[in-house]
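First the structure, in the form of structure tokens, and then the observations on it.
Each reported figure results from applying straightforward, stated rules to the coordinates on display, with no laboratory input. These numbers were taken from a predicted model, which means no experiment stands behind them. Quick reminder, even Gly has a Cβ in these numbers, built from the backbone with ideal geometry, and neighbours come from all protein chains shown.
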Amino acid sequence: MINLYDLNINACAKIISINNNDTGKIRLLEMGLLPSTEARMIKKAPFGGPIQIKINNYYITLRKEDAVDIIVQEISK
């Protein structure tokens, strides 16, 4: 398993868990980043910048610090 930040562009993955403190984890869960939800990597900013993912037909931008705390399992589509 890898973290969300390590996904390639257009790769899909299923969220397994979020390894973050309580406040950050609640914020991510409220944005729809729930376990067993599928996510697709849309864009990555260079030099460790933010990423854009698609979940449930909407787009979310996450900081690298948040994305590395989200453990995913890559799926093929």
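Of the chymotrypsin sites (Phe, Trp or Tyr not before Pro) in the chain, the ones in a loop by DSSP (not H, G, I, E or B) with at most 10 other beta carbons within 10 Å are F47.
Quick one: what do you get for the chain if you divide its Cα Rg by 2.2 N^0.38 Å? List each step's numbers first, then the result.
Values: Rg = 11.1 Å, N = 77, 2.2 N^0.38 = 11.5 Å.
Taking the Cα Rg and dividing by 2.2 N^0.38 Å, one obtains 0.97.
When the chain is treated as a GNM with alpha-carbon contacts under 10 Å, the residue of I26, I51, I18 showing the greatest mean-square fluctuation is I26.
When only Cα pairs below 8 angstrom with a gap of at least 6 residues are kept, the stretch 28-77 shows a relative contact order of 24 percent.
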